[in-house]
1. If you take the residues in the stretch 1-27 that are at pLDDT below 90, out of contact with any Phe, Trp or Tyr (no Cβ under 9 Å at 6 or more places or on another chain) and within 17 Å of residue 69 (Cα to Cα), which one is surrounded by the fewest Cβ atoms within 10 Å (Cβ to Cβ)?
2. Looking at the stretch 5-16, is at least one residue without any contact (Cβ under 8 Å) to a residue 60 or more places away in the chain, over 22 Å from residue 183 (Cβ atoms) and among the hydroxyl-bearing types (Ser, Thr, Tyr)?
3. Condition check: of a type in the set (A, V, I, L, M, F, W, C) and in a strand (DSSP E or B). Does residue 18 satisfy that?
4. So, in the stretch 148-175, of the ones that are under 16 Å from residue 126 (Cβ atoms) and over 19 Å from the mean Cα position of the chain (by Cα), which residue ends up modelled with the lowest pLDDT?
5. State all residues of the stretch 130-143 that are touching a helix residue (DSSP H, G or I) at 6+ places or on another chain (Cβ under 8 Å) and either β-branched (Val, Ile, Thr) or surrounded by 19 or more Cβ atoms within 10 Å (Cβ to Cβ) (or both); if no residue qualifies, say none.
6. Can we say residue 58 is buried (at least 16 other Cβ atoms within 10 Å of the Cβ), under 14 Å from residue 4 (Cα atoms) and among the hydrophobic types (A, V, I, L, M, F, W, C)?
7. Do you know which residues across the stretch 28-46 are in contact with a Gly (Cβ under 6 Å, 6 or more places away or on another chain) and either touching a residue at least 40 places away in the same chain (Cβ under 8 Å) or crowded, with 18+ Cβ neighbours inside 10 Å (or both)?
Amino acid sequence: MALWGNKDLVYSDGTVTVNFDSKKVVRVGTSATFNTAGITTGNVIKVGSGATYGYAVITAVDSASALSIASTDGFVSGLSTVPGTTYEISSEPLYTVVDSVYRAPEVKTSGFSTSSLFTGVFGVDKVEVGIATTSAYAVSHSGWVGITSYYDMHGNLRVKHEVLVAGGISTAAGTDADDDSLFADS
């Protein structure tokens, strides 16, 4: 199992449920394709919009409609199941799942100000770095980048970034999807 890959979006189609006792993620619906979607052991699944429920590392692709996860520690406490909701699977660095800075949920209400604090990990390729130079989310290097943003007491957007793995994302066709609104591909 690799510590990270080069795709910030491996798969995201439909909805899933999560059972904390069995540590199973089950695809809701009839067109499940986990076993043919390129998902591998070590990929990270973010559950809920903005990872509102949490993160987990995938330990097995059990079938077309079921995945096994290593732990539920990366999920919001107090839950025993997650009802049908959106999800994203990425090949981001595994240690981000347990890093206290990037733990779920991605939108928090405490931090540097009284406004919401957003944290997330993004795969940013060289093209996305070039395009983002004119945005508030400009980063200095391609790779896996941790982003923290918030509004200060004067209402100004503040963005901090940290390169977690430099150069981890290439510009070759098919290595990075047009998947996030912060880092456009064109």
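1. Of everything passing the filter in the stretch 1-27, 1 is surrounded by the fewest Cβ atoms within 10 Å (Cβ to Cβ).
2. First, the residues of the stretch 5-16 that are without any contact (Cβ under 8 Å) to a residue 60 or more places away in the chain: 13-14.
Within this subset, residues satisfying the condition of being over 22 Å from residue 183 (Cβ atoms) are 14.
Those still in the list that are among the hydroxyl-bearing types (Ser, Thr, Tyr) too: none.
There is no residue in the stretch 5-16 that is without any contact (Cβ under 8 Å) to a residue 60 or more places away in the chain, over 22 Å from residue 183 (Cβ atoms) and among the hydroxyl-bearing types (Ser, Thr, Tyr).
3. Numbers: of a type in the set (A, V, I, L, M, F, W, C): yes; in a strand (DSSP E or B): yes.
Here the answer is yes, as residue 18 does meet what is asked.
4. Narrowing the stretch 148-175 to residues under 16 Å from residue 126 (Cβ atoms): 161, 163, 165-175.
Going one step further and asking which of them are over 19 Å from the mean Cα position of the chain (by Cα), we end up with 171-173.
Details: 171: 51, 172: 52, 173: 46.
Filtering first and then ranking leaves 173.
5. Selection gives 139, 142.
6. Working: buried (at least 16 other Cβ atoms within 10 Å of the Cβ): yes; under 14 Å from residue 4 (Cα atoms): yes; among the hydrophobic types (A, V, I, L, M, F, W, C): yes.
Yes; evaluated as a whole, the condition is true for this residue.
7. Initially, the stretch 28-46 is screened for residues in contact with a Gly (Cβ under 6 Å, 6 or more places away or on another chain), giving 28-29.
Correct list: 28 only.
The values are calculated or read from the model by the stated rules, or taken from the named source; none is laboratory data. In this text the structure is predicted, and so the values were computed from the model without any measurement. Heads up, the Cβs are rebuilt from the backbone with ideal geometry, glycines too, and the neighbour counts pull from every protein chain shown.
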